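A.B. asks: Below is one structure. I have some questions about it.
The values are calculated or read from the model by the stated rules, or taken from the named source; none is laboratory data. No experiment lies behind these values; they were computed from the predicted model shown. Cβ: placed from backbone, ideal geometry, glycine included. Neighbour counts: every protein chain shown.
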Amino acid sequence: MAGTPTTRREFLRRAALAAGGLTASGAILDACAGRPTPSRAGPAVPITSVPTGTAAPVPREHLATAETPSGLLRIRNRPGMIGTDTVRSYELATGVTVDYYEDVLDDDLWLASEQQAIADRDDIGVDLVMLGDRAVTELLAAHRLDTLDDDNLPNRTNLRPELAHPGFDPNRTHSLPWTAGMAGIAFNTRRVARPVTGVGDLFDPRYKGRVTMLADPRDGLGMVMSWQGHSPAAATPATVARAINRVRIAVDRGQIARFTGNADFADLVSGAMVMAQVRSGDVAGLRAANPHLAFVVPAEGSTLFARNMVVPDTSRNQVAAESWMNWIYDRPNYAAMIAQVRATAVLRDLEDDLARIHPALAADPLVNPRPATWARLAVWAPLDPTTEARYATQYAAVTH
């Protein structure tokens with residue numbers, strides 16, 4: 001999805017977690033007004049919002065039991081983040097009916113649009129939603145996610161250990177990853193003196209004015225912090241400030257041409273830029289546009305992030321939601337999905353199942369990274385909204 005680098009920053013300036021739930025300004029809520037209608041054939045269509053009140057918590061789906069999922073399962077995700085036959089395969093395997101919505105275009109705006117209903121514990125039309133680490137952190141802080149029942153999730157043991165204990169949900173009691181991604185460096189192999197290997201290459205004077213960096217504080221600063229010997233998993237105000245200062249020096253010297261948002265890499269494809277910070281999910285498209293572009297996770301380390309499956313505490317069918325999680329964590333089912341999505345897989349020991357689909361998949365370092373790559377990645381420490389906003393504001397002073 002194309003977007004601006006300030007989406008997160010603007011949200012954090014206007015939204016904060018309150019004791020009763022999430023709060024947001026009227027401006028953001030007006031921009032996001034609308035509830036989708038169920039659609040099993042594509043993205044949901046916005047209609048007028050239903051006013052929220054102070055209703056009692058909605059009852060769980062009365063047909064569902066801990067042993068047998070049933071009834072209707074309502075899922076929300078970003079566009080393009082599922083296989084074409086995933087929903088139907090699950091329905092045939094379980095008998096559960098799925099309404100699948102592709103309307104989470106931006107995590108922050110989705111949270112803002114649903115914040116009042118979530119705070120009131122009204123039914124928001126969602127039993128399972130896929131969100132990024134930051135959004136999950138906020139919902140956890142507001143106590144708005146159901147605790148997962150391990151008895152319904154025997155396949156969770158297939159989860160990669162690198163994703164099993166993030167700081168925001170240390171034992172994965174409230175979330176399970178759907179897909180993962182990495183921040184790294186893309187570079188034009190025809191325009192560098194030698195292959196790029198680390199963060200120091202971003203600051204090499206030979207490439208002055210031909211480097212771009214990500215405007216997002218986490219993915220922009222995470223690898224710089226690792227290069228300086230400080231893992232983003234243990235971020236502190238001092239280590240973040242040190243990384244921001246190093247980027248500021250590069251900007252003052254004219255090293256960094258600009259800061260980019262989502263899918264904003266036309267000048268890298270054209271050859272105007274020599275290298276850029278990118279997310280792994282962008283790499284396939286970049287390579288298709290310019291086969292001379294390569295990608296590397298810096299030797300010093302970088303950031304790891306995920307889209308996470310979570311069950312809002314307003315869900316009417318948690319059992320079916322957990323059934324979906326467990327079904328997709330069966331390796332053949334997950335391999336079939338990730339082969340189409342081409343994101344980083346979150347399950348371990350997936351090589352054989354990927355190879356059955358296509359031999360190249362098992363060896364694709366973007367879909368199935370090698371152990372040495374996983375060892376260099378770290379999930380950011382959980383940040384409260386005030387700290388997140390402060391870091392974003394400090395970084396914005398450099399990136400704008």
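A.B. asks: Quick test of your reading of the structure: ASP330 fulfils all but one of (1) closer than 30 Å to ASP123 by Cβ; (2) modelled with pLDDT under 95; (3) not hydrophobic (A, V, I, L, M, F, W, C). Name the failing condition by number.
C.D. replies: (2)
A.B. asks: How many residues are over 19 Å from THR197 (Cβ atoms) and either among the polar types (S, T, N, Q) or in a loop (DSSP other than H, G, I, E, B) (or both) if we restrict to segment 209-230?
C.D. replies: Of the residues in that region, 4 qualify.
A.B. asks: Considering segment 127-143 alone, what residues qualify as being outside any helix (DSSP H, G or I) and at pLDDT 95 or above?
C.D. replies: Scanning segment 127-143 gives ASP127, LEU128, VAL129, MET130, LEU131, GLY132.
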